[in-house]
1. Residues with amide H under 5 Å of N87's amide H, sequence separation 5 or more or different chain, H placed in the peptide plane at 1.01 Å from N; which?
2. Could you work out [θ]222 nm for the chain from helices alone, using -39500 (n - 2.57) per DSSP H run of at least four and dividing by all its residues? Round to the nearest 500 deg cm²/dmol.
3. In the neighborhood of T161, defined by Cβ-to-Cβ distances under 11 Å, what is the net charge if each Lys or Arg adds +1 and each Asp or Glu adds -1?
4. Once the piece of chain linking F218 and N253 is laid out straight, how much longer is it, given 0.36 nm per residue of separation minus the C-alpha distance between them?
5. For the range 54-203, just run the numbers: alpha carbon Rg, then divide by 2.2 N^0.38 Å, N being how many residues it has.
6. Explain nothing, just compute: Karplus ³J(HN,Hα) = 6.51 cos²θ - 1.76 cosθ + 1.60, θ = phi - 60°, for every residue of the range 121-127 in order, whole Hz, x for Gly and Pro.
7. Residue by residue through the range 142-148, what is 3J(HN,Hα) from phi via Karplus (6.51 cos²θ - 1.76 cosθ + 1.60, θ = phi - 60°)? Round to whole Hz and write x for glycine and proline.
8. Checking the table K72/K98; K136/K187; K162/K245; K134/K187; K128/K237; K134/K214 against a 25 Å threshold on Cα-Cα, which pairs fail?
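The numbers here are math on the coordinates, done by the rules we state, and not lab data. This one's a predicted model, so the numbers in the text were calculated from it and none came from an experiment. Using ideal geometry, Cβ is built from the backbone for each residue, glycine included, and neighbour counts are taken over all protein chains shown.
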Amino acid sequence: MCYDVSFSSSIESIHDYFPGIVHDDQITINYDAAVHIIGHAFGNHAIIYRSQEDGKEHLRLMEWGCIPFYEKDIPTYTKGFRRNMLNARSERVLQDQKSYWYKIRNRRCLIPVSGIYEHRAIPKWKNKVPYYVKLKDQKMFFLPGLYSVTDDINKETGEVTKRWSYTLITRPANSIMKLIHNDGDNKWRMPLFLPFEMAKEWISQDLTPERYQKILNFEMPSESLDYWPVFTVRTTKPHPEGKRKDELYAWPNLPALEEMQPE
């Protein structure tokens, strides 16, 4: 699954891809922090969606980790279950009609990122090695997701706040991501990487069920990805070379990916 992403591009550059996009919020980004965004922090991220009211592309802050639209006890839910809502398996969106993802299948969104992080297990190594993965020749790309809008009611005042939240869609890994994400309960998964034209189509108004399924089935070829090992990202320990978290780190004696074959 994918719980770590990076956004090192500017918010303004989103307009290069989506001219005329409407801002729902005044969005400011701490780019030093956004070089590594942790899903389990359930923080806000700038998300693109098509408004059901005006049909236009909008940009607004949403929390990573879906809160179901029918949830009444949000504090209890967020403590116990939200960690399971950071990712949605592509296989369940249309095919599992009992899933929450099927219920919100028409609330499609795009997550602007510069890259993602995934961890690779090495035999006899205590810790996994993180890799930074991105689309070649693109400073920014857009991962497909689904979003929720939930009424958060203050029990004391009765005031209602709209909570916007999203999930990131994953699929079975391609050949190179199988070698990187090679361990754990959700091994051999990857985000649903899409070419830009297909990403735009994801939030279009006239997406047919057949085309919807074809997008969910899309596998980004391994040769379309750039990837390299980075220093440990899930730590406050500074980079030993003073570099950013998304920059190459040469781990001593790290076996080449080609030397490691999936089971």
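1. Amide H neighbours of N87, under 5 Å, 5+ apart: L168.
2. Working: 8 runs with 44 residues, N = 263.
Mean residue ellipticity, 222 nm, calculated: -3500 deg cm²/dmol.
3. -1
4. Stretched out fully, the F218 to N253 stretch lengthens by 9.1 nm.
5. That ratio works out to 1.17.
6. Along the range 121-127, the couplings run 8, 10, x, 6, 9, 5, 10 Hz.
7. 3J(HN,Hα) across the range 142-148, in whole Hz: 10, 8, x, x, 10, 10, 10.
8. Correct reply: K162/K245.
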